[in-house]
Amino acid sequence: MTSIIILTISFLIALFFKFTKTDNSRLYKTVRISHYLFFILTVIAFLLLLNSYSFKGFLTDKLFVILLVATGMLLFGLYRQRSKLTRTYYAIFFCLPFLLLVGLIVPRLHFITAIAGVGLLIDGEHTRYPIDQTYSIQTSRVGVLAGNPTYSLIESKYILLEEITDDIIPKIGIPKSLQVIKINNDSFKLRVLTSDIYNERLDTTLSFKR
């Protein structure tokens, strides 16, 4: 929901700038610098993701992408110069809602558009259960209709980063109760009772190093 709110507000403000022909060079430069910053952070986040790392926080990486798109929309509304290449670049961000709509209409693009739309617009549900100051268990799923959550082991690293190990246990269902106990520096005990109709139980010992 947060992603949709940010993008909707940015789209409407960009539309206002465009219709009123707002010409504010200082505002344009500030938004452009912010856009470049979020572009760099998005690239870094993508490279980290390829190595199972991310910035700390549930949705920090995604927030960089959302703010990249949002500032791109604002720049489209503020841009007053004649460079067609730059205008086209900003227009891609501004027209993103329409591109997603077209993708849903065209049969061959349904699947790709749905994946892109869900990944960009849906925040999902994320819950963390701390083990100690370094490790925690995270359950995550995209939306209420996404089925069983993914169980991941999160390890805090390098102050700003964390390493994510997904699917440490099977997707047994949404936890009604989850208890995690650190046994020693190498392992921990995980107990899960699901709240689905399956009412499954899991009691297992896992290693921190996988």
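Laboratory data are not the source of any read-out in this text; all were calculated from the coordinates shown. What you see is a predicted model, and the numbers here were worked out from it, not measured in a lab. Every residue, glycine as well, gets a Cβ built from its backbone with ideal geometry; the counts of neighbours run over all protein chains shown.
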Helix 2-20 sits at what angle to the longest principal axis of the chain, using alpha carbons and giving 0 to 90 degrees rounded to 10? 0 degrees
Mind checking which of 65, 43, 106 has the largest fluctuation in a GNM of the chain, springs on alpha carbons under 10 Å? 106
Using 1/(1 + (r/R0)^6) with R0 = 30 angstrom and r between the beta carbons of residue 105 and residue 59, what's the FRET efficiency to the nearest 0.05? 0.55
Per the Kirkwood formula over distinct C-alpha pairs, the hydrodynamic radius of the chain in angstrom is 19.7 Å
Quick one: how many lysine pairs in the stretch 1-144 have C-alpha atoms under 30 angstrom apart, if they're 8 or more apart or on different chains? 9
Along the dipole axis of the stretch 2-121 (charges at Cβ: +1 for Lys and Arg, -1 for Asp and Glu; origin at the Cα centre), the most positive-end residue among 24, 48, 111 is 24
Counting Lys and Arg as +1 and Asp and Glu as -1 over every other residue whose Cβ sits under 14 Å from the Cβ of residue 5, the net charge comes to 0
Taking the Cβ of residue 128 as the centre, find all other residues whose Cβ is under 13 Å away and add up their charges (Lys, Arg: +1; Asp, Glu: -1). -3
About its Cα centre, how strong a charge dipole does the chain have in debye, to the nearest 20, once Lys and Arg get +1 and Asp and Glu get -1 at the Cβ? 960 debye
Full extension between residue 24 and residue 207 adds, at 0.36 nm per residue less the Cα distance, a length in nm of 60.2 nm
Cα gyration tensor shape for the stretch 125-207, rounded if a/c is under 1.5, else prolate or oblate: oblate
